[in-house]
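Structure first, commentary second.
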Amino acid sequence: MSVATHKLIKGATGDWEMVIGMEIHAQVTSKSKLFSGASTEFGGEPNTHVSLVDAAMPGMLPVINEECVRQAVRTGLGLNARINLRSVFDRKNYFYPDLPQGYQISQYKSPIVGEGEVLVELEGGRSVTVGVERLHLEQDPGKMLHDRSPSLSFIDFNRCGVALMEIVSKPDIRDAEQAKAYVTKLRSILRYLGTCDGDMEKGNLRADVNVSVRRPGGPLGTRCEIKNMNSIAFMGQAIEYEARRQIEIIEDGGAIEQETRRFDPNKGETQSMRSKEEAHDYRYFPDPDLLPLEFGQDFVDGLKAALPELPDQKKARFIAAFGLSPYDASVLVAERESAEFYETVLAKLADRARDGKMAANWVINELFGRLNKEGRDITGSPVTASQLAAIVDLIGEGTISGKIAKDLFEIVWQEGGDPRALVEARGMKQVTDLSAIEKVVDDIIAANPDKAAQVRDKPQALGWFVGQVMKSSGGKANPQVVNDLLKSKLGI
Amino acid sequence: MTDLTSLTLAEARKGLAQKSFTSLELTDAHLSAIEAARVLNAFVLETPEQARAMARAADGKIASGEGGPLAGIPLGIKDLFATRGVRTTACSKILGNFVPTYESTVTSQLWRDGAVMLGKLNNDEFAMGSSNETSCFGPVGNPWRREGSNATLVPGGSSGGSASAVAALLCMGATATDTGGSIRQPAAFTATVGIKPTYGRCSRWGIVAFASSLDQAGPIARSVRDAAMLLRSMAGHDPKDTTSVDIAVPDYEAAIGRSVKGMKIGIPREYRLDGMPAEIEKLWSEGAAWLEAAGAELVEVSLPHTKYALPAYYIVAPAEASSNLARYDGVRYGLREQGRNIIEMYENTRAEGFGAEVKRRVMIGTYVLSAGYYDAYYLRAQKVRTLIKKDFEDCFAKGVNAILTPATPSAAFGIGEKGGADPVEMYLNDIFTVTVNMAGLPGIAVPAGKDAQGLPLGLQLIGRPFDEETLFSLGEVIEEAAGRFTPVRWW
């Protein structure tokens, strides 16, 4: 692991360094809400997934959804974090129409998950470890609808009470690239764990980004919080803009006011939402309707034992077992679906140890390349893992050459079908019959006596002969056989 | 046939079983009594049609031998309990004409066991008060008056409607709730029996919340036995309330008449207040003597943090209330007073919807939870609470079975007599009862005598966690010795 070097910003008075911390809100994957039995399904008619508890009717009481607790613990384990066997739900009190209780049930002083860390890989093989301060469970509020009437606002409580995990990072992030990579990695881990679908467009994963600037290594500056970023690309822009804004203010002799800001993607700038003075006094206190959340170490151990393999472990295994390059392994594990596709290919290979690395190349170069070109993702791939494995098998066992395999891949992509049967039916098999190849070799040597003479002094010119033989065999001659034959015939 | 309203619940159960009368007759007798007693303002909503329908259904079940433990027994329900299809307001304007689509767990268990609902009973607004004077429906009259006086007295609070209705023979029993004494103090003021069970014994689901960590439902009844019968139906674990406890509910009635011989009764020295009326002092000694005569052993005990209980209570309860009442914002149900923007709508709605005492407590609660004050008030009060709890634990660890105290520092007082200038004057009513809520223990108030003006006085017994049975056994000893007290009808 190499230590990351991060980007500094050149100001008028010298270099500046960003200090970034993040609060990620990740919607917990669960059938029902954190404290009620109402469905969490997305996209229902407004107010069709609302229980009496969600609507905060008089006398209603919250009951913790154990699945959400399991998901939070799983996530904590996936972040290599300390799991707190006792945690407490608190009320965060504020008035807003989308918050029926007049308070959000959250965890303030005693979160369910404590400190952990995330290994974040950057370009060029660099990496950085970002500390996780804590993870806690809390309720999502409802949604205000302002576009239904000119004079009234409506509220949809379907989302109200859905479980969120708030994952708070330490201020370990130093530039926009790291910030983006951190969110990408965290999202990947959550998706591997199945604890959050990571759908940022639906707002199921969103980040509040705290940005401050300082002289490299110097004392911390005053931070501003950019709220509700639900696009990784915009997050990068917002951070860059915000850091430059702060530097300008400081270099002009001003001071940064601690405040909450929002990012306007159209203008590409951050704008003030509210200052520190306008900040709420949330009057946190332990929710007396809920007992402290307690479970035993055995509960944690059980979840740990059933945890799926996570991207870091998977990457290490791919490197160790199949000799993949760290870069290729990273590409494969970045998305859960890609890794699953590759694993399925591996499972179908006739000789995994021999062809595992080749399979990775095929997945990354041919398949991903083609998918990217057509703007499709792995789940919509016309070539299945079985088909790709069959193609790799055919190469590995010497039935077809790599060049023919590319043609075969194209046929399978366009028309589908069983690759092995296609090779048979269309005569794409590599020729390994010595006598047939020998005749071609003899003919070519005979036709090019001067080149044959040259090659005895310059063995690297052998390639020309190989090319000629392959060409006249329509690419079907086994290159290894051709190579061996030429060497013996030419006496090198 | 004697007046059916004068029967105890136990007697009525027998009469119904023997077909001496029907539930419909029993229910009609009470409905007539309610109509004749409207001056007491005990009921804020009468539900005669529903009552008769439930009575007829109960009669059918009794006839076919399927009647539950409370089959055909007409009850009053404190307006803090959500009743499906029946207006539930917590006696606050802010709930307006709120009609729940759901039934509280406690009342649904009563209906399951065959009880009949006569209507909804008055209480202090959101159960905040000790005199039932803060209700948006106006004060409740106590059926008891001072000898030679026509002045209407308060029935205590917050369950003033429940206590008044039971004492005036308007219902055979009533549901009530107790956050700092709201069952026991009105019971003591009206010569009825009221028990606040252990915190977690009854489900809070469907009961309008005041202070969640202190609120507990219980019955007010005409006798100790009646209270035992009612509590058995009301109590029980409810998965919808995670603070309710999964412990089997015993047959409380079986504890009535059980020997108290050899039981150790603690007499806490800290409950002997300076300037306590001699009558209260005398009553307390009498009660102790009755228990001793029944074979119990009296021991002086110390509960050293008692004096901090009331101030700590008036931090914890308002803190929780300020948050619990945030949902009454005019957005989804109840009263809405329009404004030019959302903040103004909140302000107008809450200013118009809440009464003065509720506003006071919401403000106190907001203050003690706010940044910079939390540690000094809320956190400190919670520490005091832990110490109060430990006082009791230490006492029970020494073998004490129950603690005997006065229920209230005085008898009932006149409407408008207390708390006008200084709310603390009213808060002092709960001086003997709040400790029990702070510690989550069961406490029962039993009528024990009268003061010089002929007003009833009660004694309180405090028990070990989930040992309501001992309280019923001891309570019945006091009841037997003191006799029953019935007000002279003036309404």
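Read-outs: derived from the displayed coordinates by stated rules, not from any lab. Only a predicted model underlies this, so the values are computations on that prediction, with no experimental measurement involved. All Cβ positions, glycine included, derive from the backbone under ideal geometry; neighbour counts span all protein chains shown.
Separation of segment A:310-363 and segment B:417-461 by C-alpha centroid, Å?
75
What lysines does B:Lys14 reach when the alpha-carbon gap must be under 17 Å and sequence neighbours fewer than 8 apart in one chain are set aside?
Hits, sequence-local ones excluded: B:Lys61.
Can you give the convex hull volume per residue for the Cα atoms of segment B:408-491, as a whole number of Å³?
Numbers: hull volume 9.8 nm³, N = 84.
Spelled out: Cα convex hull of segment B:408-491, divided by residues, is 116 Å³.
Between A:Phe234 and A:Lys489, how high is the FRET efficiency from 1/(1 + (r/R0)^6) when r is the Cβ-Cβ distance and R₀ = 51 Å? Nearest 0.05. Don't skip to the end; give the middle numbers.
On the way: r = 64 Å, r/R0 = 1.26.
Calculated transfer efficiency: 0.20.
Can you work out the FRET efficiency for the pair A:Leu462 and A:Asp433, with r the C-beta to C-beta distance and R0 = 22 Å, to the nearest 0.05? Let's see the in-between values first.
Numbers: r = 21 Å, r/R0 = 0.97.
The computed FRET efficiency comes out at 0.55.
Mind sorting B:Glu479, A:Glu337, B:Glu468 by how few other Cβ atoms lie within 10 Å of their own Cβ, fewest first? Let's see the in-between values first.
Numbers: B:Glu479 21, A:Glu337 13, B:Glu468 29.
Ascending Cβ contact count within 10 Å gives the list A:Glu337, B:Glu479, B:Glu468.
Compute for segment B:311-363: radius of gyration divided by Kirkwood radius, i.e. Rg/Rh, restricted to C-alpha atoms, rounded to two decimals.
Values: Rg = 12.1 Å, Rh = 11.7 Å.
Radius of gyration over Kirkwood radius for segment B:311-363 works out to 1.04.
Given the convex hull of the Cα atoms of chain A, what is a quarter of its surface area in nm²?
Working: hull surface 129.1 nm².
Average projection, Cα convex hull of chain A: 32.3 nm².
Label B:Lys307 and A:Glu41 with points 7 Å out from Cα along Cα→Cβ: what is the distance between them in nm?
Result: 6.3 nm between the two label points.
Using just the Cα positions, wrap the protein assembly as shown in a convex hull and report its mean projected area in square nanometres, one decimal place. Numbers along the way, then the final one.
Working: hull surface 220.1 nm².
The directionally averaged projection comes out at 55.0 nm².
Could you tell me the calculated FRET efficiency between A:Arg274 and A:Ala320, based on Cβ-Cβ distance and R0 = 51 angstrom, to the nearest 0.05?
Details: r = 51 Å, r/R0 = 1.01.
Once the sixth-power term is evaluated, E becomes 0.50.
Show log10 I(q)/I(0) for segment B:188-295 at q = 0.16, 0.22 Å⁻¹, two decimals, from a solvent-free Debye sum over equal Cα scatterers.
Result of the Debye calculation: -0.96, -1.22.
Hey, how many Å between the Cα centroid of segment A:372-412 and the Cα centroid of segment A:60-132?
Between the Cα centres of segment A:372-412 and segment A:60-132 lies a distance of 42 Å.
In nm, what is the difference between 0.36 nm times the number of residues separating B:Ala397 and B:Val424 and their Cα-Cα distance?
Details: separation 27, 0.36 × 27 = 9.72 nm, distance 3.36 nm.
Working it through step by step, the gained length comes to 6.4 nm.
I need the P(r) histogram for chain B: all alpha carbon pairs, bin width 10 Å from 0 out to the longest distance, whole percents.
That works out to 4, 22, 33, 27, 12, 2, 0, in percent per bin.
Students often check this: by mean Cβ neighbours within 10 Å, which of A:69-76, B:314-321 ranks highest, and how do the rest follow?
Details: A:69-76: 24.4, B:314-321: 25.9.
In decreasing order of mean packing, A:69-76, B:314-321 become B:314-321, A:69-76.
How big is the charge dipole of chain A about its Cα centre, in debye rounded to the nearest 20, if each Lys and Arg gets +1 on its Cβ and each Asp and Glu gets -1 on its Cβ?
Details: 61 positive and 71 negative charges, 212 e Å.
Rounded to the nearest 20 debye, it is 1020 debye.
Taking a spot 7 Å from the Cα of B:Ala351 along the direction of its beta carbon, which residues of segment B:75-105 have an amide N less than 15 Å from it?
The answer is none.
Would you work out which of A:Ile83, A:Leu52, A:Thr129 lies farthest towards the positive end of the dipole of segment A:49-135, given +1 charges on the beta-carbon of Lys and Arg and -1 on that of Asp and Glu, about the Cα centre?
With unit charges placed on the Cβ atoms, the residue in question is A:Ile83.
Applying the Karplus parametrisation 6.51 cos²θ - 1.76 cosθ + 1.60 with θ = phi - 60° to the phi angles of segment A:328-334, what ³J(HN,Hα) value in whole Hz is obtained for each residue in order, glycine and proline being reported as x?
Residue by residue, segment A:328-334 yields 4, 4, 4, 4, 5, 8, 4 Hz.
Using alpha-carbon positions, what is the distance between the centroids of segment A:446-482 and segment B:193-255, in Å?
So the separation of the two Cα centres works out to 96 Å.
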